[in-house]
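Trainee: Got a structure for you, questions after.
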Amino acid sequence: MSYKSGRHFLQIPGPSPVPDRILRAMDNPVIDHRGPEFAELGQVVLAGIKRIFKTESPVVIYPASGTGAWEAALVNTLSPGDRVLMCETGQFATLWHELASKLGLEVEFIPGDWRHGADPQAIAERLRRDDGHQIQAVCVVHNETSTGVTSRIGDIRRAIDDTGHPALFMVDTISGLASADYRHDEWRVDVTVSGSQKGLMLPPGISFNALSDKALARAKEARLPRSYWDWGAMLASNATGYFPYTPATNLLYGLKEAIHMLEVEGLDHVFARHQRHAEATRRAVQAWGLEVLCLNPAEHSPVLTTVLLPEGHDADRLRRLILERFDMSLGAGLGKLRGRVFRIGHLGAINDLTLLGTLAGVEMGLACAGVPHQPGGVQEAMRFLADR
C-alpha cells in the first residue's frame, strides 16, 4: 500500500477545505436543541448570517444541500403552472431549471454558451414582451461553479427595474457567498439561495434562503406544496433562536466560527483576497498558453478558474494524473464541458503559498500529461503576487 506524506490539496471549487479552527469549533458535544444554550447559539448565527448576506431581512437556515434551498425558494413563492424565466449559464443553472420543471412550473430558459453570464438586456427584452405579467420570477445563478463565470446581479436588477415588471428576482449564490461581493438588500433580491460548503468554509449540510418583504408577501399566496421547506414554520421558531425540527447543531457551531473569521478579516478584504488570487491564476493560465473559459473580463469569477484544454486532450485524464502524482484534486468538467475543461478552486481559507502550490501542481501535471503549453505560469503568478 502506498503512503502519501504531507496534505492533500483539495482545489475543487467546493466543498472547500475546512480550516482547523472551524473543525475545532464543531468538535463539541451535541446539546439539547430545545434548551436555552441552543437558543443562544441560534440567535447568534441567525443574526450573523444576515450580515454575510448584507441584509436586514430574515435568513432561513436549512439542514440541507443547496439543492434543497433551490426547492425552498420556489415552493414558498410560486404556484403550479407559474411561468419562471431562467438563464442558461452552465450546469447548475441547468439543474435548477430541471428542478423547477419537476415541480410543475413552466420554465422558459434563455439560451447561453456557458462562457458568459446572464445577459441583463436579454432578460429585460423578454420581460418587456410579457405584457400580461405571466412571468412570476426571474432566477439567475450568480457564480456559475461549472464555468467560472459570474453574472452581474446589480446590472440585472437595474434591467428588471427599467421594465417595471413585478416578477420576483431569485439568485443562487451558493458558490459566491463570502467569496464574491454580494448585496442582497442593495440589489433588491427577493430570494437568495446559498450553501455552507464554499466561501463559508464549512462541510456540506446547511443551506440558506435570504428573503425580502416582497417574497414573504408572495409566500402567503403561493400554492405549491411545502412542509419541510415552509418558511412560515421556520421563521416562527427562529424568532426565539429555535428550529421547528432537529437542526444541524454542530454545523451551526462551525457557522458561528466561520462568521467570526470572515468578520475579523472584513468582508471587503475577503473579496479583495479572492480577486487577487483569481487574477494570479488567470495570469498563470495565459502564460501557459491555455484558454480561460470565461470570455468577458467583467464576469471572471473570483471563486474558481475554468481552463479549456486544446482539442484532442482529455481534461479528466489530466486530473487523474495530477491526483495520482501530486495528490491534488481539481474540479471536473460538468455537463457539456465534461472532459474538455478542468476547474481550479481558489476560494475559502486560501493564501498565496497555497495558490502557488496549486499552480505548481497544475504546471507539472500539464508537462507529465503532454498537454501543449509554455512553462512559466507559476513564475508569472509569483511576480503578480509579489508586487501586490
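Trainee: Please state which one of 189, 171 is assigned to a loop (DSSP other than H, G, I, E, B) and either charged (D, E, K, R) or buried (at least 24 other Cβ atoms within 10 Å of the Cβ) (or both).
Mentor: Every option except 189 fails the conditions.
Trainee: Of the numbered conditions (1) open to solvent by 30 Å² or more (accessible area, probe 1.4 Å); (2) within 14 Å of residue 284 (Cα to Cα), residue 388 satisfies every one except a single condition; which is it?
Mentor: Answer for residue 388: the failing condition is (2).
Trainee: Right, another one. Mind checking which residues of the stretch 238-247 are within 15 Å of residue 32 (Cβ to Cβ) and open to solvent by less than 30 Å² (accessible area, probe 1.4 Å)?
Mentor: Within the stretch 238-247, 241, 243, 247 meet the criteria.
Trainee: Checking the structure you have, find out if any residue of the stretch 19-40 is closer than 24 Å to residue 333 by Cα, surrounded by 14 or more Cβ atoms within 10 Å (Cβ to Cβ) and either touching a residue at least 12 places away in the same chain (Cβ under 8 Å) or among the charged types (D, E, K, R) (or both).
Mentor: So far as the stretch 19-40 goes, no, none of its residues is closer than 24 Å to residue 333 by Cα, surrounded by 14 or more Cβ atoms within 10 Å (Cβ to Cβ) and either touching a residue at least 12 places away in the same chain (Cβ under 8 Å) or among the charged types (D, E, K, R) (or both).
Trainee: In the list 85, 78, 99, 95, which residue meets the criterion of being open to solvent by less than 30 Å² (accessible area, probe 1.4 Å) and either touching a Pro at 6+ places or on another chain (Cβ under 6 Å) or part of a helix (DSSP H, G or I) (or both)?
Mentor: One residue alone meets the criteria, 99.
Trainee: Only residues that are within 17 Å of residue 304 (Cα to Cα), part of a strand (DSSP E or B) and touching a helix residue (DSSP H, G or I) at 6+ places or on another chain (Cβ under 6 Å): list them for the stretch 192-208, please.
Mentor: Of everything in the stretch 192-208, just one residue is within 17 Å of residue 304 (Cα to Cα), part of a strand (DSSP E or B) and touching a helix residue (DSSP H, G or I) at 6+ places or on another chain (Cβ under 6 Å), namely 195.
Trainee: Another question about this same structure. Checking residue 241 against (1) in contact with a Pro (Cβ under 8 Å, 6 or more places away or on another chain); (2) in a loop (DSSP other than H, G, I, E, B); (3) within 30 Å of residue 21 (Cα to Cα): exactly one of these is not met. Which one?
Mentor: Here residue 241 clears every test but (1).
Trainee: Mind listing whichever residues of the stretch 150-181 are within 26 Å of residue 351 (Cβ to Cβ) and over 11 Å from the mean Cα position of the chain (by Cα)?
Mentor: Scanning the stretch 150-181 gives a single hit, 181.
Trainee: Another question about this same structure. For the stretch 51-75, which residues satisfy the criterion of being over 20 Å from residue 249 (Cβ atoms) and either surrounded by fewer than 20 Cβ atoms within 10 Å (Cβ to Cβ) or in contact with a helix residue (DSSP H, G or I) (Cβ under 7 Å, 6 or more places away or on another chain) (or both)?
Mentor: 51, 54, 56, 57, 58, 67, 70, 71, 74
Trainee: Do the conditions hold for residue 280, that is, is it touching a Lys or Arg at 6+ places or on another chain (Cβ under 9 Å), small (Gly, Ala, Ser) and surrounded by fewer than 20 Cβ atoms within 10 Å (Cβ to Cβ)?
Mentor: No, not satisfied.
Trainee: In the stretch 141-168, how many are part of a helix (DSSP H, G or I), of a type in the set (Lys, Arg) and out of contact with any strand residue (DSSP E or B) (no Cβ under 9 Å at 6 or more places or on another chain)?
Mentor: Residues meeting the conditions: 1.
Trainee: Restricting attention to the stretch 219-236, does a residue exist that is open to solvent by less than 40 Å² (accessible area, probe 1.4 Å), part of a loop (DSSP other than H, G, I, E, B), farther than 22 Å from residue 203 by Cβ and aliphatic (A, V, I, L, M)?
Mentor: yes
Trainee: Can you pull out every residue in the stretch 145-165 that is surrounded by 24 or more Cβ atoms within 10 Å (Cβ to Cβ) and in contact (Cβ under 8 Å) with a residue 60 or more places away in the chain?
Mentor: 145, 146, 147, 148, 149, 150, 151
Trainee: Only one of these is in contact with a Lys or Arg (Cβ under 7 Å, 6 or more places away or on another chain), buried (at least 19 other Cβ atoms within 10 Å of the Cβ) and of a type in the set (A, V, I, L, M): 293, 251, 262. Name it.
Mentor: Just a single option satisfies the conditions, and that option is 293.
Trainee: Would you mind finding the one in 22, 52, 12 that is under 26 Å from residue 229 (Cβ atoms) and of a type in the set (Val, Ile, Thr)?
Mentor: Among 22, 52, 12, only 52 is under 26 Å from residue 229 (Cβ atoms) and of a type in the set (Val, Ile, Thr).
Trainee: Would you tally the residues in the stretch 244-267 being assigned to a helix (DSSP H, G or I) and hydroxyl-bearing (Ser, Thr, Tyr)?
Mentor: 2
Trainee: Mind checking which residues of the stretch 1-40 are within 30 Å of residue 215 (Cβ to Cβ) and more than 25 Å from the chain's Cα centre (by Cα)?
Mentor: The answer is 33, 34, 38, 39, 40.
The values are calculated or read from the model by the stated rules, or taken from the named source; none is laboratory data. Given the structure is predicted, the values throughout are model-derived calculations rather than measurements. A quick note on method: Cβ atoms are made from the backbone with ideal geometry, for glycine too, and the neighbour counts reach across all protein chains shown. What goes into the accessible areas is simple: the full protein's heavy atoms, side chains included, and nothing from ligands, DNA or RNA. Shrake-Rupley method; radii C 1.70, N 1.55, O 1.52, S 1.80 Å.
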